[in-house]
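To start, the structure under review is shown below, and the notes come after it.
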Amino acid sequence: MNIFTELKYLRMVKISKTYIPKETEKYMCAKHLAFFKKKLLDWKTDLKRSSNEALFNSSLDDNSTSADIVDQASSYTEKNVEMRAINRQIKLITKIDSALKKIQDGTYGFCEDTGEPIGLKRLMARPVATLCIAAQEKHEKEEKVYADD
């Protein structure tokens, strides 16, 4: 079965709630793709919900108009921390969207640098991974070298 047949089959495939991809199955078969698509969509839904809750709660807790300067400073610090967390979640949602696009175009699960499989264990731990472990380690070493300059 080629990748385009797999992608067509993906629309029809049903997996159980307890299904876990197995190394013995063909890598990135329709079951694997369906599993990761569901995992990514669920993760995205959770992130959106928690971001919306944080924004809503942040708008309710407004001490910025308080007369006490300590309360104002505390409120500002808390809002700053919350906004950084929300920004991280937004960046993660962008990565999730990119991973979902890769599922659609048939490139999900393969390293962007080498084209080699990323691996089921790595994708289970980090479904938005775009590099295999060897390429990720190389990337991190290069980052460290440039950071030391």
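Just so it is clear, none of the values below were taken in a lab; they were calculated from the coordinates. What you see is a predicted model, and the numbers here were worked out from it, not measured in a lab. All Cβ positions, glycine included, derive from the backbone under ideal geometry; neighbour counts span all protein chains shown.
With N counted as the residues of the range 82-128, its alpha-carbon radius of gyration over 2.2 N^0.38 Å works out to 1.31.
Applying a 10 Å radius around every beta-carbon, put 80-90, 35-45, 136-146 in order of their mean neighbour count, most first.
Values: 80-90: 12.8, 35-45: 16.3, 136-146: 11.1.
Packing order, densest peptide first, comes out as 35-45, 80-90, 136-146.
Taking the Cβ of each residue in S16, S75, S98 as the centre, tally the other Cβ atoms inside 10 Å and list the residues starting with the fewest. Before the final figure, lay out the partial values.
On the way: S16 6, S75 18, S98 13.
Ranking S16, S75, S98 by Cβ neighbours within 10 Å, fewest first, gives S16, S98, S75.
In percent, rounded to a whole number, the relative contact order of the range 109-149 is 36, using alpha-carbon pairs under 8 Å and six or more apart. Residues V13, V128, V70, ranked from the fewest to the most other C-beta atoms within 10 Å, line up as V70, V13, V128.
If Rh is defined by the Kirkwood formula over all Cα pairs and Rg also comes from Cα, what ratio Rg/Rh do you get for the range 109-149?
On the way: Rg = 11.3 Å, Rh = 10.6 Å.
With Rg and the Kirkwood Rh in hand, the quotient comes to 1.07.
For the range 111-116, the Karplus equation 6.51 cos²θ - 1.76 cosθ + 1.60, evaluated at θ = phi - 60°, returns couplings of 4, 5, 8, 9, x, 7 Hz by residue, with Gly and Pro reported as x.
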